[in-house]
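Working notes, beginning with the structure itself.
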Amino acid sequence: MTLDEKAWQAARTRIDAAARAAGRDPSTVRLVAVSKTRSADDVRAAHAMGQREFAENYVQEAQAKRAALAGLAGVRWRLIGPLQSNKAAVAAEVFDAVESVDRAKIAERLSAARAADRPPLEVLVQVNISGEATKSGVDPGGAVALARLVAALPRLRLAGFMGIAEPTRDPDRQRAQFAILRACLERARAEGLDVATLSMGMSDDMESAIAEGATELRLGTALFGPRPVKTPA
């Protein structure tokens, strides 16, 4: 299903309502369209409706998509999937932001590979806020230390933190996990780090994320519909 105006408006309505319920200005919540597995035409449709921030999980898929859409003005590409160290150099070239930095080695390789004639690469430290073994991310206890390291590296700009809550419909459990990420941001600020971005909340838990202070939502299904089902080869 390609993004259409009805889906776009429904997502914006949810965001606006959740922000107002939390006593927040809806304009303080940035919408990132998760375009992984979606076609270049889907991205073009979202761009035509004003969307500029797009998120991908895989370096090679994003590289091909960025090349195919080179003519679109103002597009920013964000990596939200786990990054292998051997792909860090390509990621530093392809993306405007990497939200999945969870260890020093990745940050150091991104810093070394980012071209000096480009703006510093925006970086978010990914934190494992759910405690699930299957999730990427640094332990919350080590998040601020990693953030300090990122902030000290050249060619990188530390922006904040990213986290993924466990898949649950319980809003109290969602909020408790998002609160962990908010606490990381607050500790980082208390230590003098210039951070403002809380990337948390997806299609199924955006209301809880906004209530806990999310400044960025990563939405895929809410905009594009269910992902295409892969048929066996």
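Every read-out reported here was derived from the displayed coordinates using simple, explicitly stated rules and does not represent laboratory data. Quick caveat, the model's predicted, so the values are computed rather than measured. Note that we place each Cβ from the backbone using ideal geometry, even for glycine, and neighbour counts take in every protein chain shown.
Side notes on the structure shown:
- Potential lengthening of the chain between residue 21 and residue 133 amounts to 37.0 nm, from the contour at 0.36 nm per residue minus the alpha-carbon distance.
- Look at the dipole of the chain built from charges on Cβ: of 34, 202, 83, the Cα furthest out on the positive end belongs to 83.
- Total charge dipole magnitude, region 5-224, about the Cα centre, Cβ charges on Lys, Arg, Asp, Glu only, Debye to nearest 20: 380 debye
- Qualifying trypsin sites (Lys or Arg not before Pro) for region 131-172 [loop in DSSP, other Cβ within 10 Å: at most 10]: 169
- Point-to-point label distance, residue 70-residue 89, nm (Cα→Cβ direction, 7 Å offset): 2.1 nm
- D_trans [Stokes-Einstein, Kirkwood Rh over alpha-carbon pairs] for region 27-147, 25 °C, 0.890 mPa s, µm² s⁻¹: 162 µm²/s
- Between region 146-169 and region 18-45, the Cα center-to-center distance that results, in Å: 19 Å
- Values of log10 I(q)/I(0) for region 121-190 across q = 0.11, 0.13, 0.22 Å⁻¹ run -0.27, -0.37, -0.90, by the Debye formula with one identical scatterer at each alpha carbon and no solvent.
- Per-residue Cβ neighbour rank within 10 angstrom, fewest leading, 28, 134: 134, 28
- Placing +1 on the Cβ of every Lys and Arg and -1 on the Cβ of every Asp and Glu, with nothing else charged, gives region 1-122 a dipole about its Cα centre of roughly 140 debye.
- Counted residue by residue at 0.36 nm each, then reduced by the alpha carbon distance between them, the extension gain from residue 112 to residue 191 reaches 25.9 nm.
- Ordering 105, 65 from the fewest to the most neighbouring beta carbons within 10 Å gives 105, 65.
- Per residue of the chain, the DSSP helices (runs of n ≥ 4 H) give a summed -39500 (n - 2.57) that works out to -12000 deg cm²/dmol at 222 nm.
- Partner aspartates and glutamates whose Cα lies under 15 Å from the Cα of residue 135, excluding those fewer than 8 positions away in the same chain, are identified as 99, 102, 166.
- Spherically averaged projected area of the convex hull of Cα atoms, region 92-223: 8.1 nm².
- Each of residue 12 and residue 176 was given a label point 7 Å from its Cα along the Cα-to-Cβ line. The distance between the two points is 3.7 nm.
- When DSSP beta bridges are restricted to pairs lying wholly in the chain, around 0% turn out antiparallel.
- For residue 65, the lysines whose Cα falls under 24 Å of its own Cα, not counting residues fewer than eight places away in the same chain, are 36, 87, 230.
- Descending Cα extents along the principal axes, the chain, whole Å: 43, 41, 37
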